[in-house]
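Heads up: the structure comes next, in structure tokens.
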Amino acid sequence: MITELGHFALILAFLVACVQAVVPMIGAHKRWPGWMAMAEPAANAQFMLTAVAFGALTHAFVTSDFSVALVVQNSHSLKPMIYKISGVWGNHEGSMLLWVLILTLFGAMAAWFGGNLPPTLKARVLAVQSSIAVAFFAFIIFTSNPFLRMSVPPFDGQDLNPLLQDPGLAFHPPFLYLGYVGLSLAFSFAVAALIEGRVDAAWGRWVRPWTLLAWVNLTIGIGLGSWWAYYELGWGGFWFWDPVENASFMPWLLAAALLHSAIVVEKRESLKSWTILLAIMAFGFSLIGTFIVRSGVITSVHAFANDPERGVFILMILGFFMGGALTLFAARASSMEAKGVFSLVSRESALVMNNILLAVSCFVVFVGTIWPLFAEMLFDRKLSVGPPFFDMAFTPFMVLLGAILPIGAMMPWKRADLGRTFRPLIPAFILAVSVGLLAFAIQTGRSALGPVGMFLGTWLICGALVDIWSRTGRGEMAGRLSRLTRLPRADWGKMVAHSGLGITMLGISGLLAWQQEDIRVVQFNQPFEVAGFSLTLTDVQRVEGPNYISTMGWVDLARDGKAIATMNPEKRFYPVAQMPTTEAAIDIGFWRDVYVVIGDPQDNGGWAVRTYYKPLANWIWGGAILMALGGMLSISDRRFRVAAGAAKRTPVSGVPAE
């Protein structure tokens, strides 16, 4: 009964979305207040109905209702409760229902918090948002229905993919979708503004918090996915340039560019066309990521490799929304004239450079991700584009971005003096160069990645600190410290986010430049050395988990004769799924990780053991946490939660369609 209720709610939400996509748009065109006002209750009803559908599917998983085909394919009665819940979105159909739930949530939030929006703009934003929902409701109902029943329910299910039975993967998809799908609202604002025929400072102020919210969640989602890959897959790496990883990284880069571009629209009413284009492309790359993950055209360790027919449906959605938005963009280009004029050396120019570097970086990742598919289609050749290409093609743009960011952040608007801007940054620059030279002096016979990364990370962190300190003006220390506490939270958010980027750069460069790997056959109670640590395999036992069988090792870790920890690397086997997984044992430290993976038993009685020494590994995810925290601080700033004063005085006028 509950399953049928969920199915009915999903269909009803689809019908409400169809009405919401049409009626408010007509009302905004005709200036009919009643028709425009219908958008808000429709957005609320659409979200509530979708939540009922999602709740019904969650109930089926939690209660192990094996009359539902999706539960049979992705759950098991012995599975821990957290993985029964995460199994709801650990598959194609359920994850698409989560996708639409978040889509309708953002539409409802625009209705809840859009009280200061002009009525015509609000109606059009909600109508565009609902039109996206219409497309994906249709996709779910007609090609990916999660509520299909089994004619003869089995006694138990087939279990969830063991790789997904992990806390990191339980929370990774929801955050990722909050970022992916959250960019749809920026897209809706862009299309609504194009229909209105007006993009101004008020529009820039409205679109920034929604973009920032999506970017924060995307940052958390990518960080969780990277952390999971690091400790779960047993490869010892944090990023593999996998197509699915790239699918989330590309919108993140464009969303970062959009955030900085919207600042220029808000402050200077410049870069309007570029900002609108970024809003369209950011969501467009979210749709491209959805296509990559769900079409089966590109293989990945964590893709939903479904039939190509579903991929064609998503491709049609992508073509319709991207094609329509870009056509509208071309038609309305003349209405987006820039008002602000700025010189070549100014904060506007620095933000333009920032945007170009982020956009080109995204294009590089896109080419590397999609090129194997084109090579196979056009030249009938199977190619593999791996980390060497991405490292060589992508890294230079990030190095240049890190180098100019502290200077650009301190430049004044309109016109700047480069020497005057750089003068307060001289101590930060000297410290960064010193750290880079120290790294170069310590290492021998290694690449330049370590010293360059140390310089850039230190430069970004110190530059962010100098920037926020410079905002306290001049005077005595006590007065400046007092003013520091009264600075807007957006300024603090900027400092924390930029520092987080610097810390992540330090972590990535340190790990890639100085990590050590040791692979050997280890006998019991025979110590071996890795990077100054002593490791001893003392035992290997068979351990039974709730729904798996584990081969668990006991490894004593010591340094200079002092015991540090006992580590338990595992090889798990899931009988229902007939699939093995690797569980690395990691001794986490502030400056380094010691990472141990146990392999197979050997003929001579020993065990294969792989050990890594990973300096600054946790700085990567610490930096990601700080970037997300910086974004949340900025969102909490009151200036982001209210509409521009100009909007209250002068409603935005629409441009009637011919």
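The values are calculated or read from the model by the stated rules, or taken from the named source; none is laboratory data. For clarity, every value in this text was computed on a predicted model and none was experimentally measured. All Cβ positions, even for glycine, are placed from backbone atoms using ideal geometry, and neighbour counts span all protein chains on display.
Output the number of residues of region 461-507 satisfying the condition of being touching a helix residue (DSSP H, G or I) at 6+ places or on another chain (Cβ under 8 Å) and in a helix (DSSP H, G or I).
Selection size over region 461-507: 31.
Please go through region 580-592 and pick out each residue that is in a strand (DSSP E or B) and not acidic (D, E). Break it down stepwise before answering.
Of all residues in region 580-592, those in a strand (DSSP E or B) come to 580-583, 585-588, 592.
P580, T581, T582, A585, I586, I588, R592, listed by residue number.
Show me the helices (runs of 4 or more DSSP H) found entirely inside region 1-99 where at least 3 residues are over 30 Å from L163 (Cβ atoms).
Numbers: elements: 2-30, 33-37, 39-62, 69-74, 81-86.
Answer list for region 1-99: 2-30, 33-37, 39-62.
Working only within region 508-554, note down all residues that are in a strand (DSSP E or B) and closer than 18 Å to G450 by Cβ.
Hits for region 508-554 are Q516, E517.
Restricting the search to region 339-377, which residues are in contact (Cβ under 8 Å) with a residue 60 or more places away in the chain and in a loop (DSSP other than H, G, I, E, B)?
Scanning region 339-377 gives K339, G340, V341, F342, S343, V345, S346.
Across region 423-440, what is the number of residues that are in contact with a helix residue (DSSP H, G or I) (Cβ under 6 Å, 6 or more places away or on another chain) and surrounded by fewer than 17 Cβ atoms within 10 Å (Cβ to Cβ)? Write out each step before concluding.
Quick first cut of region 423-440, residues in contact with a helix residue (DSSP H, G or I) (Cβ under 6 Å, 6 or more places away or on another chain) only: 424-425, 428, 431-432, 435-436, 439-440.
Subset that is surrounded by fewer than 17 Cβ atoms within 10 Å (Cβ to Cβ): 424, 431, 440.
Total satisfying the criteria: 3.
Among (1) of a type outside the set (S, T, Y); (2) closer than 27 Å to G419 by Cβ; (3) modelled with pLDDT under 90, there is one condition N354 misses while meeting the rest; what is its number?
(3)
Tally up the residues in region 175-208 that are modelled with pLDDT under 90 and either closer than 23 Å to H92 by Cα or in a loop (DSSP other than H, G, I, E, B) (or both), please.
Of the residues in that region, 5 qualify.
Checking G479 against (1) at pLDDT below 90; (2) farther than 30 Å from H76 by Cβ; (3) surrounded by 15 or more Cβ atoms within 10 Å (Cβ to Cβ), which test does it fail?
Failed condition: (3).
Being outside any helix (DSSP H, G or I) and aliphatic (A, V, I, L, M) is the filter here; which residues of region 415-460 pass it?
Hits for region 415-460 are A416, A448.
So which residues in region 555-579 are more than 26 Å from W621 (Cβ to Cβ) and not in a loop (DSSP other than H, G, I, E, B), if there are any at all? Working first, answer last.
Step one: list which residues in region 555-579 are more than 26 Å from W621 (Cβ to Cβ), which gives 556, 558, 560-563, 573-579.
Passing the criteria: D556, A558, K562, A563, F573, Y574, M579.
Which members of region 378-390 meet the condition of being touching a residue at least 12 places away in the same chain (Cβ under 8 Å), of a type outside the set (S, T, N, Q) and within 20 Å of F238 (Cα to Cα)?
If the condition is that a residue be touching a residue at least 12 places away in the same chain (Cβ under 8 Å), of a type outside the set (S, T, N, Q) and within 20 Å of F238 (Cα to Cα), then V385, G386, P387, F389, F390 are the ones that fit.
If we scan region 298-307, do we find a residue that is surrounded by fewer than 19 Cβ atoms within 10 Å (Cβ to Cβ), modelled with pLDDT of 80 or more and polar (S, T, N, Q)?
Checked region 298-307: no residue is surrounded by fewer than 19 Cβ atoms within 10 Å (Cβ to Cβ), modelled with pLDDT of 80 or more and polar (S, T, N, Q).
Return only the number of the condition from (1) assigned by TED's automatic domain parsing to the domain that holds L254; (2) surrounded by fewer than 24 Cβ atoms within 10 Å (Cβ to Cβ) that Y180 does not satisfy.
(2)
Quick check: anything in region 521-536 crowded, with 19+ Cβ neighbours inside 10 Å and under 33 Å from the mean Cα position of the chain (by Cα)?
no
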